[in-house]
Amino acid sequence: MNEVIIAALCGAIEQALRTLRESGQLKSQSVAPIYLESPRTEAHGDLSSNVAMRLSREEGRPPQQIAAEIVESLPADSPANRFYEKVEVAPPGFINFFLSRESLVLLLHGMLQDSDDFGRRDVGQGKRANVEFVSANPTGPLTVGHGRQAIIGDVLSNVLSFCGYAVTREYYFNDAGNQMRILGESVRARYLESLGETVAFPEQGYQGDYIREIAESLYKENGDSLRNAPTERFQKAAEKVISEEINRTLERMGVRFDNYFNEYSLYASGKIDEVIKKFKELGHAYEKDGALWFKASQFGREEDRVIVKSGGEPTYRLPDICYHVDKIQRGYDLIVDIFGADHHATYPDVLAGVRALGYDTDRIHVLIHQFVTLKRGGEKVKMSTRRATFVTVDDLLDEIAKGLRAELTQAYGENSPQTEPTVLERMARDAVRFFYNMRRMGSHLDFDLDLATKRNMENPAYYVQYAHARICSIFRVFYEQTGGPEIDFAAVPVETLRLLTEEKEASLIKNLGRFPRLVEEIAEKFEGHRLNEYLLQLATAFQSYYNEHRVIGDDLDLTLARLSLVRAIQTVLRNGLSLLGVSAPEKM
RNA sequence: GCGCCCGUAGCUCAGUCGGAUAGAGCAACGGAUUUCUAAUCCGUGGGCCGCAGGUUCGAGUCCUGCCGGGCGCGCCA
């Protein structure tokens, strides 16, 4: 709901409380913060306050009595008065405001002034945000689990950006660690195998088919000349191939990073050594068994942790701590890390380390998302990167595109515009993006491949897109009929908008009014899934309205009023879909 | 054993600082189209919100314990 209306009503309540205190009817002097919330059922009004219930205990009187007094004392000359047509006290003590038609008209009018920018916020204006996600080392293709993270991160970045933040999407990776060495050894083993040698495969080696493919292509290019080449040669080759593949996959999902941060750069710049030195200077680290331990137990952790192994090599914690310090030093106001559930135990150590070095970690928000379970044929697909049983994001996109192709070929025939590869690719991306962002992070995501692929297309992404396409169609028909110029909706007079007197029109306007605040809440709480939910609900409300009332009719003014409403809906759908990174087609 | 996350309709899930009669989609059943796109809409049935306590005006939501599922618990990342 519009801030102006909420502020006005809160002000009126505050005024009433003051009046009651002055007259001695209210004893308590404490200023209870006044909230207005939107009740679930329409019978409870549009905005509701529980302030009387909060005062009840201190006053020692029933909340309904207090609520009645507050309503009684609402100022007669408040600017808030034109915003509501009715105010009620409801048990057990709620004060319920019913918005006036006039305030709805003003709401819609305001939206049309904002035009395409409706919903845009400025809470992040002048602030910089860094969102780190995916961050998979180039040891293998992106799995469906990474896919979830990629979309969650990308959508949150979009929302933050829509709220005014200057956002950096960052990918952190390490191409020098243990895992990469094992990768190199794995490729080398496969390469030697293709030379006919029998070699022991590394114990923790990567077994996916892609390793064989890389080895195979090395063989094709180099013959047996790499027989005695060092592991590093194989590692570099694999890294190059896999990195490129990861980037292609991200591109397919519509995800682009602004910054790739290589762990190695922390060593090269001497920052790792600096941090070690600082840990020692501050007395937060000590040596034991030849290793360097961080006194994590002094910073809220259960146990101390090794940051440099006895061999002299740092554990992952040290560069991670260093990396976060670096992010802070780069001056971000907001730092968001997105990890999978398997990392939940590691980040508290890292944050403790950052604090130990004297930095405030309040601006760092670590988001943990639960795993994705993939279902195919009613059966769960088990995934593991090292074993060959994982399913990649590419597989997922391919499978959906293939299913859509079969579906659309049946409907439109071979070689129709609907079955062009680029179209199918876009549709698959839209579906995947919408699905991945549909659940809250804490909840496991059940990705039902059959559902996303199958013919009935109960895919929620299409439902929202369809609503948008339908609105576009209304405008096409209207302009065809009139042959006239584009309407300037910002110039539609308030009197015209007053013609919107239907129940569904009122509830649609209220619905649209929630959008700006929703965007802000998503940015504050990092709950991207609420956007999907909202859009679905708005699309449903529109479809219902569409079914009941004709937008284009004989009455030109009424038509103009309804077109204005529909335009506002279109704007919100388009902006919402754009935040999701899902296309908003004009025709389907 | 310890830590984190989850447990809501047959299935997949929402549930806005703790608010009023717990919602949606799918599935099941029944209806609507001379129409601006039927890829739509309307209706019906379906619930000890895992269990047991506690906090309070009020708990799906907060606290404690238990049960069940997922993920972790390294001088791997």
Task: Calculated Rg and Dmax of the stretch A:1-135 using C-alpha coordinates, Å - done: 18.2, 63
- [ ] Calculate the length of the line joining the C-alpha centroid of the stretch A:145-205 to that of the stretch A:472-532, in whole Å.
- [x] 43 Å
Open item on the list: Apply the Karplus curve 6.51 cos²θ - 1.76 cosθ + 1.60, θ = phi - 60°, to the phi angles in the stretch A:168-183 and return the couplings in whole Hz, x for Gly and Pro.
Closed with: 10, 8, 10, 10, 9, 8, 9, 10, 10, x, 4, 4, 5, 5, 4, 4
Task: Note, ³J(HN,Hα) from phi for the stretch A:230-238, Karplus 6.51, -1.76, 1.60, rounded to Hz, x at Gly and Pro - done: x, 3, 4, 4, 6, 4, 4, 4, 5
- [ ] Quick one: grab the alpha carbon gyration tensor of the stretch A:410-468, order the square roots of its eigenvalues as a ≥ b ≥ c, and give me rounded if a/c is under 1.5, else prolate or oblate depending on whether a/b is larger than b/c.
- [x] prolate
TODO: Obtain the nm distance between the two label points defined at A:Q125 and A:E287 by a simple spin-label model: each point lies 7 Å from its Cα along the Cα-to-C-beta direction.
DONE: 5.6 nm
Open item on the list: Quick check: at a probe of 1.4 Å, how many percent of the accessible area of the stretch A:152-310 sits on carbon and sulfur atoms?
Closed with: 44 percent
TODO: Work out the length of the dipole vector of chain A about its Cα centre, built from +1 on the beta-carbon of each Lys and Arg and -1 on the beta-carbon of each Asp and Glu, and round it to the nearest 20 debye.
DONE: 800 debye
Task: Candidate lysines - alpha carbon under 16 Å from A:K327, same-chain residues fewer than 8 apart omitted - done: A:K127, A:K271
Open item on the list: Tell me the carbon and sulfur percent of the accessible area for the stretch A:3-99, rounded to whole percent, probe radius 1.4 Å.
Closed with: 52 percent
TODO: Putting +1 on Lys and Arg Cβ atoms and -1 on Asp and Glu Cβ atoms, find which of A:L99, A:V51, A:A7 reaches farthest to the positive end of the dipole of the stretch A:1-117.
DONE: A:V51
Open item on the list: Once you keep just the Cα pairs under 8 angstrom separated by 6 or more residues, what percentage relative contact order results for the stretch A:3-99?
Closed with: 31 percent
TODO: For chain A, report the convex hull volume of the alpha-carbon atoms normalised per residue, in Å³, without decimals.
DONE: 215 Å³
Task: Relative contact order, percent, chain A [alpha-carbon distance under 8 Å, six or more residues apart] - done: 15 percent
- [ ] Express as a percent, rounded to the nearest 5, the fraction of DSSP beta bridges in chain A (both residues included) that run antiparallel.
- [x] 50 percent
Open item on the list: Using only the alpha-carbon atoms, what does the stretch A:178-253 span along each of its principal axes? Please give whole angstrom values in decreasing order.
Closed with: 40, 27, 19
Open item on the list: Pairs of alpha-carbon atoms within less than 8 angstrom and 6+ residues apart define the contacts here; what relative contact order does the stretch A:178-253 have, in percent?
Closed with: 40 percent
- [ ] Please name which of A:I211, A:F201, A:A237 has its Cα lying farthest along the dipole of the stretch A:178-253 towards the positive end, using unit charges on Cβ (Lys, Arg +1; Asp, Glu -1) and the Cα centre as origin.
- [x] A:A237
TODO: Provide the solvent-accessible area of A:R82, counting protein heavy atoms only and rolling a 1.4 Å probe, rounded to the nearest 10 Å².
DONE: 140 Å²
Task: Calculated FRET value between A:A411 and A:D557, using beta carbons and R₀ = 41 Å, to 0.05 - done: 0.55
Task: Note, ³J(HN,Hα) from phi for the stretch A:140-146, Karplus 6.51, -1.76, 1.60, rounded to Hz, x at Gly and Pro - done: x, x, 5, 8, 4, x, 4
- [ ] Taking the dipole about the Cα centre of chain A, with the C-beta of Lys and Arg at +1 and of Asp and Glu at -1, give me whichever of A:S157, A:S135, A:M588 is farthest to the positive side.
- [x] A:S135
Task: Solvent-accessible area per residue for chain A (1.4 angstrom probe, square angstrom) - done: 47 Å²
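The values are calculated or read from the model by the stated rules, or taken from the named source; none is laboratory data. These numbers come from a predicted model, not from an experiment. FYI the Cβ positions are ideal-geometry reconstructions off the backbone, even for glycines, and counts take in every protein chain you see. Quick note on the areas: whole protein, heavy atoms, side chains included, nothing else; ligands and nucleic acids left out. Shrake-Rupley method; radii C 1.70, N 1.55, O 1.52, S 1.80 Å.
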